[in-house]
Number of protein chains: 2
Amino acid sequence: MKFSVDRQKLCEAVSHFSRAVAVKSTIPALEGILLSAEGNKLTMYAYNLELGMTKTLDIKGYEDGDIIVNAKLFGDIIRSMPQDTIDISVDERLMCHIKSGSASFDIMGIASSEFPEMPSNNDGVQITLPSDVLKNMVRETIFAVAQNDAKPVHTGILFEAEPNLLRLVAVDGFRLAVRQEPIVNDKQLSFVVSGKAIGEAVKIIGEEVENINIKVGRRHVSFEISGYVLISRLLEGEFLKYQSIIPEQTTTKVKVNCSELANTVERISLIISDRIKTPVRCTINEEEMLLSCVSTLGKSQDSCPVAFEGEELNIGFNSRFLLDALRAVEADEIVMKFNGPLAPMIIEPVEGNEFLYMIMPMRIRNEN
Amino acid sequence: MKFSVDRQKLCEAVSHFSRAVAVKSTIPALEGILLSAEGNKLTMYAYNLELGMTKTLDIKGYEDGDIIVNAKLFGDIIRSMPQDTIDISVDERLMCHIKSGSASFDIMGIASSEFPEMPSNNDGVQITLPSDVLKNMVRETIFAVAQNDAKPVHTGILFEAEPNLLRLVAVDGFRLAVRQEPIVNDKQLSFVVSGKAIGEAVKIIGEEVENINIKVGRRHVSFEISGYVLISRLLEGEFLKYQSIIPEQTTTKVKVNCSELANTVERISLIISDRIKTPVRCTINEEEMLLSCVSTLGKSQDSCPVAFEGEELNIGFNSRFLLDALRAVEADEIVMKFNGPLAPMIIEPVEGNEFLYMIMPMRIRNEN
């Protein structure tokens, strides 16, 4: 194998590939990138058994071939190279020579036959949406993905495509996040993508808005982003029928400035020590939402003005869960709907149904 | 105790004070800041038994008194406060009330009697120098301070003041750093300041250049920086007579671009794994300095053009030591002086004697 390649383009690709490379593995090939040169094309592959990635770069090819190189070391070397073009070649003993200007490196490669078999996803139903829409929708739901494997399907995000609509849903037993956006689509689809995989995938989305193709096969889903193809196994199992757990009744309803409330929650949470999850107590009345907290470190209290409807209420929440939801909202104002101190609380936009966050309350002692 | 204080000023002070507060201590008072209000002045104290700090702020005082508050928690609260003025009061049960706008906190304080006795340094010889000069001189020597206590005095930086000159020296057994600058001074002084203490002290030096007073007492040294007084114990013991270990003879001398050499050393060091300290091999001849490295990960090689005098040479160095010295140099070009493969190498400016770095070589196998 022998080729010359543009340093900048290779650097960018290697940096994105780090997302699909195993950080520490007993199988060295999983920490590597497979480079495969054919004619004037270099195809790169990485697969950490959760997320796979492929990308093709233009090169000046002299000799076809393939090799696996350690992604971290290869990336460090490429980035540090002094000139714009890099010459890469591999000899028969799998030694990979990397040269640019006066600098040269010889690093040991791994035979391409050691690379794990990557899933392919050639046929499947395709939906297309703008990259910024996908990125925001994932950012605004992923925090609610379950962190433990008690129900594996809930470690993923549910994608529900309906005619002209895409909905993302995540749930972890304490909270629910639902985000929907209009997209150009005529298909009816429902699938669950690993939270870790989609979280890494959207990180390669750049500032510039482009179309992303999502191709859903029988067992895998692939994302085409800026020429990178990412593939991940679909999660199997029955995802929570989330519609059924959303309370229909509302006994207390407030309208509040979202970032002001988030700042207030963050402030009063300062006295919550990490080990003991003291609840944030919300006392809601006609004038304000009074937030307070009592921990071993002391007491904190603050308030937010609200527009109020219904019954006065005393309710407790995990401050982290409140903050995650409030920080995910892009709107200035939100509506919070309560149904007594033991039922889940709902955060919604003032108009429309772009997002719905639901948080289970924490029991609080009734001091007052 | 009761007073009102400007949030911004208190924030800045608390943030600087974190440098003199113990991070984790079995004595809670060492993790705290002592606040002492008298009239319209608030004096703050912190002392982690290595570095002490004092600062006085203007306040609107209502009632004198003092209290120790946990520095981390107090700082977090102050920073998050919504308004420009903060009201602080302490009740007879040592509960500290902090209030600003709608937000209020009650945190438990500690009686001021628990605060460790802070050293004082009222009389002593004083030298004065510009803040940027001190900051640079410390930055450019502190990396060579010994990290272990084998010889405690070498965990500090030697300050040598002579008429119109200040010299800083650090040494760790493998390398030596000497920096000197002309300053307005008529005293002859020599003292050793803990590297940790002076390292933290210079961090509070801001962008704006001002004069710093260094007051050297019998057992302590204090620094006056922007109204903060920092105090530290002087290190005792005999500091290395560094002049005697600098080789007088030079058999090979090269002039080289400093940042280019630093980049080259950094690049070829990429294949040095952290555990095994493989040396960087320098092969110096008429045309260039060829740098190379062989490790379990592979081989690297690069070169730098040099202006050469004397004998050709093959010598090995710890890449970290080379880089620390090269990155500390502010000049474009440096002179490197060698005296064979086993004697220490010296890095000097092309003209003058502003800095001198000396590095012990590492033995290399003579492959060539």
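The values are calculated or read from the model by the stated rules, or taken from the named source; none is laboratory data. Computed from a predicted structure; not experimentally measured. With ideal geometry, Cβ positions are generated from the backbone for all residues, glycine too; neighbour counts draw on all protein chains shown. Surface areas here come from the heavy atoms of the whole protein model, side chains and all, with no ligands, DNA or RNA. Shrake-Rupley method; radii C 1.70, N 1.55, O 1.52, S 1.80 Å.
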request  = Anything over 19 Å Cα to Cα? Flag those among B:K277/B:K299; A:K299/B:K72; A:K99/A:K203; B:K151/B:K196; B:K41/B:K196, in the order listed.
outcome  = A:K99/A:K203; B:K41/B:K196
ask   = For the protein assembly as shown, which whole percent of the accessible surface, found with a 1.4 angstrom probe, sits on carbon and sulfur atoms?
value = 47 percent
remark   = Across 20 Å bins beginning at 0, the whole-percent shares of Cα-Cα pair distances in chain A come to 26, 44, 25, 5
query = Using the Cβ atoms and a cut-off under 15 Å, what net charge is assigned to the surroundings of B:P82, where Lys and Arg are +1 and Asp and Glu are -1?
reply = -4
query = Which value, in nm² and rounded to one decimal, describes the direction-averaged projected area of the C-alpha convex hull of the protein assembly as shown?
reply = 38.6 nm²
inquiry  = Going 7 Å from Cα along the Cα-Cβ axis for the label, what nanometre distances separate A:E333 from the same residue across the other copies?
reply    = 7.0
remark   = Residue span B:E208 to B:V23: 0.36 nm per residue of separation minus Cα-Cα distance leaves a gain in nm of 63.7 nm
task = Please calculate how many Å² of accessible area the stretch B:105-149 carries per residue, with a 1.4 Å probe and no DNA, RNA or ligand atoms counted.
result = 50 Å²
request  = With unit charges on the beta carbon (Lys/Arg positive, Asp/Glu negative), name the residue among B:A150, B:L35, B:L291 whose Cα is farthest towards the positive pole of the charge dipole of chain B.
outcome  = B:A150
query = Taking Cα atoms, how many degrees apart are the long axis of helix B:258-268 and the longest axis of chain B, rounded to 10 and kept between 0 and 90?
reply = 80 degrees
query = Can you pull the three principal axis extents for the Cα set of the stretch A:246-359, in Å, largest first?
reply = 40, 28, 24
remark   = So, in nm and shortest first, the distances from B:G173 to its counterparts in the other copies, with label points 7 Å along Cα→Cβ, work out as 5.2
query = How big is D, in µm² s⁻¹, for the stretch A:2-114 by Stokes-Einstein at 25 °C and 0.890 mPa s if Rh is the Kirkwood radius over C-alpha pairs?
reply = 178 µm²/s
10 Å binning of all Cα-Cα separations within the stretch A:188-303, expressed as whole percents from 0 upward = 10, 23, 19, 26, 19, 2
remark   = Here the correct list, in nm and shortest first, of distances from A:E238 to the same site in the other copies, label points 7 Å along Cα→Cβ, is 8.4
query = Among the residues of the stretch B:260-289, which ones have their accessible area go down by 40 Å² or more when all the protein chains sit together, as opposed to their chain alone (1.4 Å probe)?
reply = B:R267, B:L270
message = If I take every Cα pair under 8 Å that is 6 or more residues apart in the stretch B:247-359, average their sequence separation and divide by the length, what percent do I get for the relative contact order?
response = 32 percent
key: Degrees separating the helix A:319-328 axis from the principal Cα axis of chain A, which is the longest one   = 60 degrees
request  = Please sort by residue number the GluC sites (Glu not before Pro) in the stretch B:192-283 whose DSSP state is loop and whose Cβ has at most 14 other Cβ atoms within 10 Å.
outcome  = B:E207, B:E208, B:E210, B:E236, B:E238, B:E248
inquiry  = Angle check, please: helix A:7-17 long axis (alpha carbons) against the longest principal axis of chain A (alpha carbons), in degrees 0 to 90, nearest 10.
reply    = 50 degrees
task = Return the residues of the stretch B:101-134 for which accessible area with all protein chains present is lower than in the chain on its own by 30 Å² or more; set the probe to 1.4 Å and exclude ligands, DNA and RNA.
result = B:S102, B:S104, B:F105, B:D106
remark   = If the chain between B:D87 and B:D6 were fully extended at 0.36 nm per residue, the gain over the current Cα-Cα distance would be 28.3 nm
message = In square angstrom and rounded to 100, what buried accessible area do you get between chains B and A, total over both, with the probe at 1.4 Å?
response = 1900 Å²
ask   = If you plug each phi of the stretch A:151-160 into the Karplus form 6.51 cos²θ - 1.76 cosθ + 1.60 with θ = phi - 60°, what whole-Hz ³J(HN,Hα) values come out, in order, with x for Gly and Pro?
value = 10, x, 5, 7, 7, x, 9, 7, 9, 10
ask   = Given springs between every Cα pair under 10 Å in a Gaussian network model of chain B, which of B:I271, B:I346, B:I110 has the largest fluctuation?
value = B:I271
ask   = What accessible area per residue, rounded to a whole number of Å², is obtained for the stretch B:247-359 using a probe radius of 1.4 Å?
value = 44 Å²
remark   = Here the relative contact order (percent) of chain A, from C-alpha pairs under 8 Å and at least 6 apart, is 13 percent
request  = Sort the following peptides by mean Cβ neighbour count (other Cβ atoms within 10 Å, averaged over residues), highest first: A:310-320, A:29-39.
outcome  = A:29-39, A:310-320
key: Cleavage-rule hits (trypsin sites (Lys or Arg not before Pro)) in the stretch B:90-162: DSSP loop, at most 13 neighbouring Cβ within 10 angstrom   = B:R93
message = Restricting to DSSP H runs of at least four residues, report the calculated mean residue ellipticity at 222 nm for chain B, -39500 (n - 2.57) per run over all residues, nearest 500 deg cm²/dmol.
response = -4500 deg cm²/dmol
